[in-house]
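The values are calculated or read from the model by the stated rules, or taken from the named source; none is laboratory data. This is a predicted model, so every value here is computed, not measured. Please note: Cβ atoms are built from the backbone with ideal geometry, for glycine as well, and neighbour counts cover all protein chains shown. Note: accessible area is taken over every heavy atom of the protein model, side chains too, but ligands, DNA and RNA are not part of it. Shrake-Rupley method; radii C 1.70, N 1.55, O 1.52, S 1.80 Å.
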Amino acid sequence: MAYPDDRKYTREHEWVMANGTSASIGITQYAQDSLGDIVFVDLPKIGSDIARGKTFGSVESVKAVSDLFAPASEP
C-alpha cells in the first residue's frame, strides 16, 4: 500500500500535513481498514493546544475504541 509522501506519519498510524500556517491530521488507510466502520470520533475544540505524542482524541468503531496521538505540536 503506497502512502502519500506529502505527510509525516507516526508509528500509531496518524499523519500530519502542513498547510501553510495550519495543519491537517488524520489516520492512515491501514488504521481505517483495521478499525472497520467508525461510529464516533472525539476531537478537541478548535484552538485547543495539542502536544506531539500525547492523546488528543479517540476513534470509536464497531470493533474497538482507539486513542488518537498527536503527530506534531503547535509551533
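Pull out all pairs, ordered by first then second residue, where Cβ-Cβ is under 7 Å, the residues are six or more apart or on different chains, the first lies in region 54-68 and is among the acidic types (Asp, Glu), and the second is open to solvent by less than 40 Å² (accessible area, probe 1.4 Å) and assigned to a strand (DSSP E or B).
That search, which allows pairs on different chains as well, returns Asp67/Ser58.
Within region 58-68, track down each residue that is among the hydrophobic types (A, V, I, L, M, F, W, C) and open to solvent by less than 60 Å² (accessible area, probe 1.4 Å). Please lay out each step first, then the result.
Initial filter on region 58-68 (among the hydrophobic types (A, V, I, L, M, F, W, C)): 59, 62, 64-65, 68.
Listed by number, the residues that qualify are Val59, Ala64, Leu68.
Tell me, which residue of region 1-53 that is among the β-branched types (Val, Ile, Thr) and in contact (Cβ under 8 Å) with a residue 40 or more places away in the chain is nearest to Ala72 (Cα to Cα)?
First, pick out the residues of region 1-53 that are among the β-branched types (Val, Ile, Thr): 10, 16, 21, 25, 27-28, 38-39, 41, 46, 50.
Checking which are in contact (Cβ under 8 Å) with a residue 40 or more places away in the chain leaves us with 10, 16, 25, 27.
On the way: Thr10: 9, Val16: 7, Ile25: 9, Ile27: 13 Å.
Out of the qualifying residues, it is Val16.
For the condition within 12 Å of the chain's Cα centre (by Cα), β-branched (Val, Ile, Thr) and open to solvent by 70 Å² or more (accessible area, probe 1.4 Å), what is the one hit in Thr10, Thr55, Thr28?
Values: Thr10 fails: open to solvent by 70 Å² or more (accessible area, probe 1.4 Å); Thr28 fails: open to solvent by 70 Å² or more (accessible area, probe 1.4 Å).
When all the criteria are applied, what remains is Thr55.
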